[in-house]
1. Which of the following residues is in contact with an Asp or Glu (Cβ under 8 Å, 6 or more places away or on another chain) and not polar (S, T, N, Q): Arg148, Arg190, Arg166?
2. Quick one: which helices (runs of 4 or more DSSP H) sit completely within segment 52-156 and have at least 2 residues that are among the hydrophobic types (A, V, I, L, M, F, W, C), more than 16 Å from Trp192 (Cα to Cα) and modelled with pLDDT of 95 or more?
3. I need the full set of residues from segment 52-67 which are under 20 Å from Val182 (Cβ atoms) and surrounded by fewer than 17 Cβ atoms within 10 Å (Cβ to Cβ), in order please.
4. Looking at Ser199, Ser195 in this structure, which one is surrounded by 19 or more Cβ atoms within 10 Å (Cβ to Cβ), polar (S, T, N, Q) and modelled with pLDDT under 95?
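The values are calculated or read from the model by the stated rules, or taken from the named source; none is laboratory data. Computed from a predicted structure; not experimentally measured. Here Cβ is always computed from backbone atoms with ideal geometry, including for glycine, and neighbour counts include all displayed protein chains.
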Amino acid sequence: MLRMFGVSRRGGGRQRGTPLGLLTVPTLLVTACTTPAPAPTTGPDQDFQPTATIEELMRWMVDPPADAMWDAVVITSTPDGLEEQRPETDDDWLALERDAVLLLEAGNLLQMENRPVADAASVSELPGVDLEPEEIAARIADNPDAWRRSARALHDAGVVMLDAVRARDVDALLEGGDRLDVACENCHSRFWYPSGPGSRALEAAGTPSP
């Protein structure tokens, strides 16, 4: 299961007009020339409007498809030897293609500004293990560039997995799963975990931030 910060909530008739046959050509031309063109849409109407929280994107667009990707290829050792589970049918691969698209576009959505971390009534389900939403928001606000790089890493891992799925390449799918795991854990280490195992510990060890 993908690691992510856990939260819980507290608590009529037709109008008659001039018959078309009575309109003259000049009248039509004047009408055409005097009808104002619609004003172009500008300003705030073109702005993005983030509605879902980061928590919701993680819960619905990242966690399920990431689990599906990691579980797509499973090798199990049994007394009778190795058993391998892998995608085989067209439906198997199509489902994974959908999951890869969700992952990479989630990476884009997470880069949008002004997206709240969680609802105001949300709290960590694992205090001491995961930060509270307001603490996560503070870390993001303190280092927005690192947050965007982390989200971009998720996007890029999704692209790798999408290419692997479209090529029906199991080995590349496994490599993409490893890349996805690194992207997720690097982000969580910087933004989700308390300082002990978190970003400051990584920086002190000389590990580059995502």
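1. Result: Arg166 is the single residue among Arg148, Arg190, Arg166 that is in contact with an Asp or Glu (Cβ under 8 Å, 6 or more places away or on another chain) and not polar (S, T, N, Q).
2. 63-70, 90-110
3. Pro64, Asp67
4. Numbers: Ser195 fails: surrounded by 19 or more Cβ atoms within 10 Å (Cβ to Cβ).
Matching residue, one of Ser199, Ser195: Ser199.
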